[in-house]
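The values are calculated or read from the model by the stated rules, or taken from the named source; none is laboratory data. Remember, predicted model here, so these are calculated numbers, not experimental data. Here the Cβ positions follow ideal geometry from the backbone for every residue, glycine too, while neighbour counts run over all protein chains shown. Note: accessible area is taken over every heavy atom of the protein model, side chains too, but ligands, DNA and RNA are not part of it. Shrake-Rupley method; radii C 1.70, N 1.55, O 1.52, S 1.80 Å.
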Amino acid sequence: MGFRFAGFRPTALGSAAVLIFAMAAGAAMAQDTAQSTAAPAAAATAAQPAAAPAAEAAAPATEAATKPGDVAAGQGKAAACGACHGIDGNSADPQYPKLAGQSEAYIVRQLQGFKSGRRANPIMLGMATPLSEQDMHDVGAYFASKTALPGVADQALVERGQQLFREGDVKRGIPACMACHSIDGRGNPGAMYPQLESQHAQYVEAKLKAWHDGTTWGTDAQAQIMPTIAKKLDTDDIAALASYIEGLHPATAADRQPHAATP
C-alpha cells in the first residue's frame, strides 16, 4: 500500500328386450361421452410437449441477463461513459468519480439505482435507462479491469484523515473507514463496499456532505450505512477524509525508494 499526499312371457320378454336395448344404448352413449371427453384431454396432453420447449427457451435468456460481465463487450458499451468518467475510468474532472478499478458488482448496483430512480441524478438516469442488466454487467467488468491513477493529498490534512480512516473516533461513534473499505481503500466486492483509493477529494467530499445532510440511495440496510456515519462527521472531518482518500493508492516502485536526505 502506498500514499501520496491521496393439475318368460312375451310381455315380460318385450320389457326385457326394451330394457336390454336401453342399457345398450346407455352404454353406447356413455362410451361416446367418454371418448368425446377424452379427446380434448388427449389433445391437451399432446399439446404439452410443444409448450415445454417454449418454457425451456426462455430460461437461457434469463441466465444470459445475469451472467458475469464481458470486458471486451463492455469496452464498446462504456464508450459513452468516457465523456465524464474518462475512457479508462480515470475522470479528468473531479466532480465525476473515477470508475477504474471499481468492482463490477458495485457499478451494477449503482446503475440499477440510477435506472430505477432510487439514486437521483438526471444525467445518469438518462444514461442508465437504456441499459439491460447484461449491459450493466459488461460496463462494470470493463471498468473493474482498469487501474485508478494515484491522486495527491493535502499534507496538512493527512494526519486527521488517516486517523479517521484507520482508527475512526470511538468517543463519537465513528467507525474506521478501513473496516469496510479495506486498509488500502480497495473496498470489499463481496459485500459491495466500494473502492475508495485515489478517488477525487472533491467527489468524496460532495458525497459525504450529501449523506451528512440526509441524502440516501435507497431504503435497504446497506443504503443506510453511510448516511448514519456521515451525520457524525463535521466539516473538517469530511475535508480531511476526502483528501486522505485521494492520496491513498497501492504501493509503487517510487513509494519503495528511500527518500533523499535533506541537507
Solvent-accessible heavy-atom area per residue, rounded to whole Å², over region 95-250 at 1.4 Å | 47
Quick one: grab Rg to one decimal and Dmax as a whole number for region 77-231, Cα atoms only, in Å.
-> 15.5, 47
Per-residue SASA entry for residue 70, accessible area with 1.4 Å probe, Å² rounded to 10 = 70
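Which entries of 67/231; 67/98; 77/209; 67/209; 171/207; 67/115 show an alpha-carbon separation above 29 angstrom in the structure shown?
Working: 67/231 37 Å; 67/98 25 Å; 77/209 32 Å; 67/209 36 Å; 171/207 24 Å; 67/115 19 Å.
From 67/231; 67/98; 77/209; 67/209; 171/207; 67/115, over 29 Å: 67/231; 77/209; 67/209.
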Once phi is turned into θ = phi - 60°, what whole-Hz ³J(HN,Hα) does the Karplus curve with 6.51, -1.76 and 1.60 give for every residue of region 80-97, x standing for Gly and Pro?
-> 5, 5, x, 4, 10, 9, x, 4, 10, x, 9, 5, 7, 9, x, 7, 9, x
Would you list 246, 159, 167 from the most to the least accessible area, probe 1.4 Å?
-> 159, 167, 246
In nm, give the distance between the simple-model label positions of residue 123 and residue 163, each being 7 Å from the Cα along the Cα-to-Cβ direction.
-> 3.5
Which residues qualify? For residue 193, with a placed amide H closer than 5 Å and at least 5 residues away or on another chain, they are 188
Could you work out, for region 67-124, what percent of all Cα-Cα pairs fall into each 10 Å distance bin, beginning at 0 Å and stopping at the bin that holds the largest distance?
-> 22, 55, 24, 0
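Kindly rank 211-218, 120-127 from highest to lowest mean number of other beta carbons found within 10 Å of each residue. Before the final figure, lay out each step's value.
On the way: 211-218: 15.4, 120-127: 12.9.
Most protected by this proxy first, the peptides run 211-218, 120-127.
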